[in-house]
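First the structure, in the form of structure tokens, and then the observations on it.
The values are calculated or read from the model by the stated rules, or taken from the named source; none is laboratory data. Source: prediction; values computed, not measured. Heads up, the Cβs are rebuilt from the backbone with ideal geometry, glycines too, and the neighbour counts pull from every protein chain shown.
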Amino acid sequence: MINPLTGGYLIEDLEVGMEATYEREVTEALIVAFAEVSGDTNPVHLDEEYAKTTRFKGRIAHGLLTASFLSTILGTKLPGEGSIYLHQDLVFRAPVRIGDVVLAGVKVEKINFHRRVVVLSCYAKVRNRTVLQGEAVMMVPSRDQT
């Protein structure tokens, strides 16, 4: 059951194995906006000529931009609105570039109903290649809090 106050799941309604995804194209405008918001103006993200001299041979998206797609899922879909990040582990496997379509996903792995905490595995893929993987720990509202 979705929490009527927030639109997110309540801890009692989560089950191991539940999944959610989010898909987004990485654009020039998105990278520039992320650089502005985060303050990360590393030229590997913003300057093609500089980026060509790196091991990536061209511009790449911020790793945390890609990771933010996980936050989209966790904060709006699963567990959803009303949940709070407690912890995130990430491993960046491959670069993401302008024009790539990122498919991010999460899956409920463990639930501690007493503590109202859920552990979710996380990933992001581009053309079926894993570019990011990790684990998120979220605090989730319960019925007795609503």
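Scanning the range 116-145 for residues that are under 12 Å from residue 9 (Cβ atoms) and among the β-branched types (Val, Ile, Thr) yields 118, 140.
On the stretch given as the range 25-42, residues that are surrounded by 11 or more Cβ atoms within 10 Å (Cβ to Cβ) and not in a helix (DSSP H, G or I) total 5. Based on this model, can you work out whether residue 12 counts as in a helix (DSSP H, G or I) and among the charged types (D, E, K, R)? Taking the combined requirement at face value, the residue satisfies it.
Residue count for the range 49-83 under the criterion of being buried (at least 16 other Cβ atoms within 10 Å of the Cβ), within 21 Å of residue 139 (Cα to Cα) and among the β-branched types (Val, Ile, Thr): the result is 1.
Here is a yes/no grid of residues against (1) within 22 Å of residue 117 (Cβ to Cβ); (2) in a helix (DSSP H, G or I):
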site: 54; (1), (2): no, no
site: 60; (1), (2): no, no
site: 66; (1), (2): no, yes
site: 70; (1), (2): yes, yes
site: 82; (1), (2): yes, no
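Conditions tested, residue by residue: (1) among the hydrophobic types (A, V, I, L, M, F, W, C); (2) over 12 Å from the mean Cα position of the chain (by Cα); (3) assigned to a helix (DSSP H, G or I); (4) modelled with pLDDT of 95 or more.
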{"position": "23", "(1), (2), (3), (4)": "no, no, no, yes"}
{"position": "44", "(1), (2), (3), (4)": "yes, yes, yes, yes"}
{"position": "103", "(1), (2), (3), (4)": "yes, no, no, yes"}
{"position": "111", "(1), (2), (3), (4)": "yes, yes, no, yes"}
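Contact map, the range 60-84: residues that are within 23 Å of residue 17 (Cβ to Cβ) paired with residues that are in a helix (DSSP H, G or I), Cβ distance under 6 Å, separation 6+ or inter-chain. No pairs are found.
Number of residues in the range 113-135 that are among the β-branched types (Val, Ile, Thr) and part of a loop (DSSP other than H, G, I, E, B): the value is 0.
From the list 46, 86, the lone residue that is of a type in the set (A, V, I, L, M), loosely packed, with under 15 Cβ neighbours inside 10 Å and on the phi < 0 side of the Ramachandran plot is 86. Just one of the numbered conditions (1) touching a helix residue (DSSP H, G or I) at 6+ places or on another chain (Cβ under 6 Å); (2) closer than 30 Å to residue 10 by Cβ is not true of residue 61: (2).
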